[in-house]
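The block underneath contains the structure these notes are about, expressed in C-alpha cells.
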Amino acid sequence: MTAPAQATLLRAVRMKWWEPLLWLAAFATPVLFPAQAPIVNETAIWALFALSLDLILGYAGIVSLGHAAFFGFGAYAAALFARHVSPDPHVGLLVAMGASAVLGFAASFSILRGSDLTRLMVTLGAALILLELANKLDWLTGGTDGIQGLTIAPVLGRFEFGFDGRTASYFSLTLLLLFFLVTRVIVHSPFGATLKAIRDNRLRAMAIGVPVHARLVAIYTISAAIAGAAGAAFTLTSGYVSLETLSFDRSADAMLMVVIGGIGWLYGGIIGAVVFMAIRDVLSNITPQYWMFWIGLFLVVLVLVGRERLFKPWTWFRGARA
Amino acid sequence: MLTILFDGIAYGMLLFVLAVGLAVTMGLMNFINLAHGAFAMAGGYITVLLMQRLDVPFLVCLPLAFLGAALLGAVLERTLYRPLYRKPHLDQVLFSIGLVFMSVSAVDYYVGSTQQIMQLPQWLKGRTEIGSLGMGHYRLFIILVCAALTVVLQYILAKTRFGSRLRASVDDQRVAAGMGINVNVVFLSTFAFGSGLAGLGGALGAEVLGLDPTFPLKFMIYFLIVVAVGGTSSITGPLLAALLLGIADVAGKYYIPKMGAFIVYALMIVILLWKPNGLFVRQGGKA
C-alpha cells in the first residue's frame, strides 16, 4: 500500500478534532447543570442501546424490531443478580452482559436465513416471548410490578448512586464512552469491513470468501452484550426494573433514534438519542397524551422526504423522484 | 374440546379476513406494511360509532365498514404508499410504524381510549348446543361470512380477468407491465380491496377481539404471523396459517392459561426457522 493511500484510509478512521470536545461537553453537563443529571443518565443509556442496534442495523444490515429483548434481559439479569447474589454494580454489569451475550448467541441462529420479513418476525417474536415470560413468571420477575427497591453498592466502592443522579450519569456516560471506543475499533477493523460487505451484498461477500454466518453470529452476540450493558445500566442507576424494558415501544424507539441520527455511523445512535429525548420532552410538555401522534408524523415525513433532505426544507418539493 | 376447536376456527377465519389483504399487498408490492391493523381499526370504529350514535343496523354497517376502509386505503395508497414501493424495507417499516402511532393517537383523541362495546342484534346472541359442541351464534355467523368471502376471493383470483392480472403482477411485475397490464391500477385496487377486507374484519371482530385505540399495535403481530407463516403467494397459505394460529391461540389460552400468547410466538419462530419463507410457498414465482 502506498503512503498517500494509507493516509487517506486512516484519515477516515482517526479521531476528528471535535470528537474529544463533544465528549468533554457531555461529561461536563452533569456538573454544569446538576438538575439535568437524571436526564443525561437516561439519554446516555438510550444512546448506548441505540449504539448496539446500529451495530447490527447499520453495519450488518439486520432489520430488528426486537432489540429490546437484549436490553430487558440485561436489565432483569442485573436486577436478579443484585437482589439474590451481590449488590456490586461492576460484577452485576458483567453478569448482565454475559447473560445477554449468551441469549444473543442463541438468538443469532434464528436471523441467518430468510428475508427481511422473516427476520423482522423472528426478532419481534423473540422479544414478545421474553416479555410474556417476564410477565408470567411472577415468582422470579415480579410480573407487572417488576423488581423494585434494589440496593446497589457504590461504584468503585466510593460513589453512591444518589437521588441527584450525578453518579448515575457518570456511570452511564463512562459506559457509553467505553463501548463507543470498542465499537469504533470493531467497525474499522477488517472484521467490520467484512460486515459492511455482507450488508451491501451478501452473495458477493460469500463469493469472496467471507464466512457470512460466523460474522453475523459474532456481531449479533456483541450487539446483544452491549444492549445488555445498557439494560444493566438502566437497572443499576434506577434501582428497579419493569416490563417496559422489554416492550415493543423500546425497540421501536431505539430504531427511531438510529434512523434520526443516521444509520451506519457510530455517532448516529448517540445524536439520535439526544434529539429524540429533546423532541419527546418538548412534545410531552405540549401534549402529554398525544405526543405519539407527532412522533408518528415525524416518522412518516422523515421517510417520505428522506433524511438527507429533512433539514433542508426548501428541497422538499423539488424533484421528489430524482 | 369441540367447542374450543369451533372457537378457534372462528377466530382463525376472522384473522384470515383481517390479514389476507396484507398477504396480497405484501406479495404484490414486496412492501412491509405494519399499518394494516389501522385499516381494520377504521372499519371497527366505523361500525361501532354508526351503531351507537346513528342506530344503523349491524348488517348495514358491515358493507359501510368495508367501503370506508377501502376508500381510506385507496387514498393512502395513492398519496403516501406509492413512492415507497422501491425504498428499502427499513424505510417501509419506519413509515408504517409512524402511521400506526398516528392512527392510535388520532383515534384516542377523537373517540377516547376506552374499549368500545358493541351491541349485537338479538338474533346473533345466544348459543346452540349440539352434543358437546356449543356454538355461539355470532361465531357461527363469522365463520359463514368469512367462508363465503374466502370462496369469493378464490373465485376472483382463479377465474376472473382481474385475478389473472393480479397473479401475473405478483409473479413478475416488469413482465406484467410489458404485457400491457396497468400494474399501478392493479396495485391500487388490490390495496383498496385488502384494506376494505381488513375493515370488514375489524367490524366483525370488534366484539370478539375487543376494540380500543391500541388495536393496530396489539394485533399487528398476529397479522404478520399469518403472512410470514402462510407465505404471500397464494390465499390458501394464509388461510391455513390463520386457522392454525386461531386454534393454537384459543387452545393454548384455554388449556395452559399461564403461558398465554407464549405458545403462538414459539410456534411461529419454530415454523420460520424451519421454513424461512413460510409454510406454503408456490414454486416458480419470483423469490
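The values are calculated or read from the model by the stated rules, or taken from the named source; none is laboratory data. What you are looking at is a predicted structure, and each value in this text was computed from that prediction instead of being measured. Positions of Cβ are generated from backbone atoms using ideal geometry, with glycine treated the same way; all protein chains shown enter the neighbour counts. Heads up: the accessible areas ignore ligands, DNA and RNA and are worked out on the full protein's heavy atoms, side chains in. Shrake-Rupley method; radii C 1.70, N 1.55, O 1.52, S 1.80 Å.
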Would you mind finding the one in A:Ala47, A:Ala37, A:Ala69 that is open to solvent by less than 10 Å² (accessible area, probe 1.4 Å), within 25 Å of A:Met277 (Cβ to Cβ), at pLDDT below 85 and small (Gly, Ala, Ser)? A:Ala37
Give, as residue ranges, the helices (runs of 4 or more DSSP H) completely inside the stretch A:197-273 that count at least 2 residues that are open to solvent by less than 10 Å² (accessible area, probe 1.4 Å) and within 14 Å of chain B (Cβ to nearest Cβ). A:248-261
Flagged in the stretch A:143-156 as open to solvent by 30 Å² or more (accessible area, probe 1.4 Å) and either farther than 25 Å from A:Leu93 by Cβ or over 24 Å from the mean Cα position of the chain (by Cα) (or both), in numbering order, are A:Thr144, A:Asp145, A:Gly149, A:Thr151, A:Pro154, A:Leu156
Elements of type helices (runs of 4 or more DSSP H) contained in the stretch A:1-97, each with 2 or more residues being within 14 Å of the chain's Cα centre (by Cα): A:37-57, A:68-84
What about A:Ala126, is it closer than 15 Å to A:Tyr220 by Cβ and facing another protein chain (nearest Cβ under 10 Å)? yes
Of the residues B:Ala74, B:Ala70, which is in a helix (DSSP H, G or I), surrounded by fewer than 18 Cβ atoms within 10 Å (Cβ to Cβ) and either within 14 Å of chain A (Cβ to nearest Cβ) or among the small types (Gly, Ala, Ser) (or both)? B:Ala74
Tell me the residue from B:Val145, B:Val111, B:Val152, B:Val183 that is open to solvent by 30 Å² or more (accessible area, probe 1.4 Å), among the hydrophobic types (A, V, I, L, M, F, W, C) and without any contact (Cβ under 8 Å) to a residue 24 or more places away in the chain, please. B:Val152
Just give me the residues in the stretch A:132-167 being assigned to a helix (DSSP H, G or I) and over 12 Å from A:Ser242 (Cα atoms), in sequence order. A:Glu132, A:Leu133, A:Lys136, A:Trp139, A:Leu140, A:Arg166, A:Thr167
Does at least one position in the stretch B:219-227 carry a residue that is in a helix (DSSP H, G or I), buried (at least 22 other Cβ atoms within 10 Å of the Cβ) and over 14 Å from the mean Cα position of the chain (by Cα)? no
I need every pair where a residue in the stretch B:233-249 that is surrounded by fewer than 22 Cβ atoms within 10 Å (Cβ to Cβ) has its Cβ under 6 Å from the Cβ of a residue that is of a type in the set (Val, Ile, Thr) and not in a helix (DSSP H, G or I), sequence separation at least 6 or different chains. none
Tally time: how many residues in the stretch A:93-114 are out of contact with any helix residue (DSSP H, G or I) (no Cβ under 6 Å at 6 or more places or on another chain) and either open to solvent by less than 30 Å² (accessible area, probe 1.4 Å) or at the interface with chain B (Cβ under 7 Å from one of its Cβ atoms) (or both)? 2
Whichever residue in the stretch B:80-92 is over 21 Å from B:Ala42 (Cβ atoms), within 8 Å of chain A (Cβ to nearest Cβ) and not basic (Lys, Arg) and, among such residues, is surrounded by the fewest Cβ atoms within 10 Å (Cβ to Cβ): B:Pro83
Every listed condition ((1) at pLDDT below 90; (2) open to solvent by less than 20 Å² (accessible area, probe 1.4 Å); (3) of a type in the set (Ser, Thr, Tyr)) holds for A:Thr167 save (2)
